[in-house]
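Comments concern the structure below.
The values are calculated or read from the model by the stated rules, or taken from the named source; none is laboratory data. Since we're looking at a predicted model, the values are computed, not measured. Using ideal geometry, Cβ is built from the backbone for each residue, glycine included, and neighbour counts are taken over all protein chains shown. Ligands, DNA and RNA are excluded from the accessible area calculation, which covers all protein heavy atoms including side chains. Shrake-Rupley method; radii C 1.70, N 1.55, O 1.52, S 1.80 Å.
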Amino acid sequence: MPRPQTKNDLIITANEQFDKLLNMIDGMSAEEQNATFCFPITQKDKEAHWKRDKNLRDVLIHLYEWHQLLINWIAANKNGDEATPFLPAPYTWKSYGAMNIGFWEKAQQTSLESAMEMLLQSHKDALAIIEGYTNDELFEKEHFKWSGTTNVGSYCVSATSSHYDWAMKKLKRQIKALS
């Protein structure tokens, strides 16, 4: 699927991928939804998330937290004079793995049901923010000083449809391992 380049494509793709993710989850039994991931991790699986996320709840919380990053970043910059970075201090794009581990640690007492409710609401909130921007505001490079050389739409794609794709890849592996 091509990366969205317009507001309309972003909204459609985010909603379509989110619906696919929800349908995939709905197709799992309650036992499967609550199971610890049992798929094999191979040498090709170098990214930390393969070992970090142990179950569906962990994946849903990760999606929720990245929605929160987007929502908070836009809120902080919308009316601010100084640019607030996307990643909260002390994290950078080189160290954000530790931030993701922090998200994981913080959510270990969260139920699957709560994680799902949080994700459903944060998806709506993220899409509502996207709706509030014009196509140019989302996809014109350097439209806002606070987005640097990357357009706001790229951050939105990363926090929505691209992350939903990531989640579905993990769940597909789990579903295959369970069958």
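Data for the structure
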| item | result |
| --- | --- |
| Qualifying position, being more than 9 Å from Ile74 (Cβ to Cβ), open to solvent by 50 Å² or more (accessible area, probe 1.4 Å) and at pLDDT 95 or above, among Ala167, Ala159, Ala128 | Ala128 |
| Complete set of residues in segment 1-52 that are open to solvent by 40 Å² or more (accessible area, probe 1.4 Å), part of a helix (DSSP H, G or I) and of a type in the set (A, V, I, L, M, F, W, C) | Ile12, Ala30 |
| Residue within segment 85-104 that is in contact with a Cys (Cβ under 8 Å, 6 or more places away or on another chain) and either surrounded by 15 or more Cβ atoms within 10 Å (Cβ to Cβ) or closer than 18 Å to Asp53 by Cβ (or both) present | no |
| Hits in segment 170-179 - residues which are aliphatic (A, V, I, L, M) and surrounded by 18 or more Cβ atoms within 10 Å (Cβ to Cβ) | Leu171 |
| Top-ranked residue of segment 65-84 - restricted to ones that are open to solvent by less than 50 Å² (accessible area, probe 1.4 Å) and among the small types (Gly, Ala, Ser), ranked as farthest from Ala48 (Cα to Cα) | Gly80 |
| Close pairs (7 angstrom Cβ cut-off, 6 or more residues apart or separate chains): on the phi < 0 side of the Ramachandran plot and touching a residue at least 60 places away in the same chain (Cβ under 8 Å) in segment 161-179, open to solvent by 70 Å² or more (accessible area, probe 1.4 Å) and of a type in the set (D, E, K, R) anywhere | Met168/Lys20 |
| Selected residue (only one of Pro90, Pro85 is farther than 25 Å from Arg57 by Cβ and in contact with a Ser or Thr (Cβ under 9 Å, 6 or more places away or on another chain)) | Pro85 |
| Test: Leu60 is part of a helix (DSSP H, G or I) and either over 19 Å from Leu171 (Cα atoms) or without any contact (Cβ under 8 Å) to a residue 12 or more places away in the chain (or both) | no |
| Residue pairs meeting the criteria (Cβ under 6 Å; at least 6 apart or on separate chains; first under 12 Å from Ser162 (Cα atoms), in segment 4-27; second of a type in the set (S, T, N, Q) and in a helix (DSSP H, G or I)) | Pro4/Thr13; Thr13/Ser161; Ala14/Ser161; Gln17/Ser161 |
